[in-house]
1. Subtract the Cα-Cα distance of GLU107 and VAL145 from 0.36 nm times their separation in residues, and report this length gain in nm to one decimal.
2. Which value results for Rg/Rh of the chain when Rg is the Cα radius of gyration and Rh the Kirkwood radius based on the inverse mean 1/r?
3. Where in the range 139-214 are there GluC sites (Glu not before Pro) that are in a DSSP coil and have at most 15 other Cβ atoms within 10 angstrom of their Cβ?
4. For the range 34-104, restrict the atom set to alpha-carbon positions and state the Rg and Dmax in Å.
5. Just to be sure I understand: with springs between alpha-carbon atoms less than 10 Å apart, which residue in ALA191, ALA92, ALA33 has the highest mean-square fluctuation in the Gaussian network model of the chain?
6. Hey, what did the range 110-214 get for relative contact order, percent, Cα under 8 Å, at least 6 apart?
7. Springs between alpha-carbon pairs under 10 angstrom, Gaussian network model over the chain: which of ALA165, ALA110, ALA150 fluctuates most?
8. Give the relative contact order (percent, whole number) for the chain; include only Cα pairs under 8 Å separated by 6+ residues.
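Each value in this text was obtained by applying a stated rule to the coordinates, not by laboratory testing. Every value quoted in this text rests on a predicted model; they were computed, and no experiment measured them. Cβ placement follows ideal geometry from the backbone for every residue including glycine, while neighbour counts extend to all protein chains displayed.
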Amino acid sequence: SRTAALIPAAGSGTRLGRGPKAFVEVAGLSLLARSVAALAPWVDEVLVALPAGSDLPPGLLARAVEGGGTRQESVARLLADTDADVVLVHDAARPFLPGAVVGALLEAVAGTGAATVALPVADTLVRGEGGLWAEGVPREGLWAVQTPQAFRRELLVRAHAEAGAQEVSATDDAGLVARLGLPVRLVPGDARLFKVTTPGDLALAEALARVWDA
Ligand code: C5P
């Protein structure tokens, strides 16, 4: 069976303020280059969705498609461009991907057909209203969802088609599969898989890169 890595990398990086986020460098390597390098050894092909008008940087072993207006649309376009049996969807914005996590995820998808990396929530949770504590939320049983996420391809194609038809939007792909009532395995993630979103995250990434790249 064949496996493809699908990397949505077409975000504009508004919150980071450094241009298209996937091209932002951490210790001399772009977020995109780091994500591609982490996944390439595990899959038969790597597909990347890029912002309109941008090219794949030289040296990346990947195929590029033009991204869409939302992450969901970018993933839909990537999905349309592969016939692999299993797809592994991963945010370019999560550049530190341990190999052991990919291995565990691929094992899980072979069983359930859909799996995502996620972390049990460790912080206290609260719903805020106008900057004030409105109501505590029990964290029991709650997980924070990360990527990568892995699916039998035809299952994710179906989930995207249904979401499109019903005008449902989601910030990830496992959620689209789960809303069809299909099982999604939760695979323990890793704190290093945090998504680089804000300038503070970028500072964290720079610090982590010193250990990661050593
Ligand atoms: O904006 P956010 O950080 O949640 O984006 C998550 C991932 O989805 C990023 O890797 C980003 O490049 C990608 N994305 C995309 N197409 C969009 C918006 C986001 O591929 N239109």
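1. 11.9 nm
2. Taking Rg over the Kirkwood Rh, I get 0.96.
3. Those that pass, being in a loop and sparsely packed, are GLU140, GLU167.
4. 12.0, 36
5. Largest GNM mean-square fluctuation: ALA191.
6. It rounds to 34 percent for the range 110-214.
7. Highest fluctuation of the listed residues: ALA165.
8. Computed value for the chain: 24 percent relative contact order.
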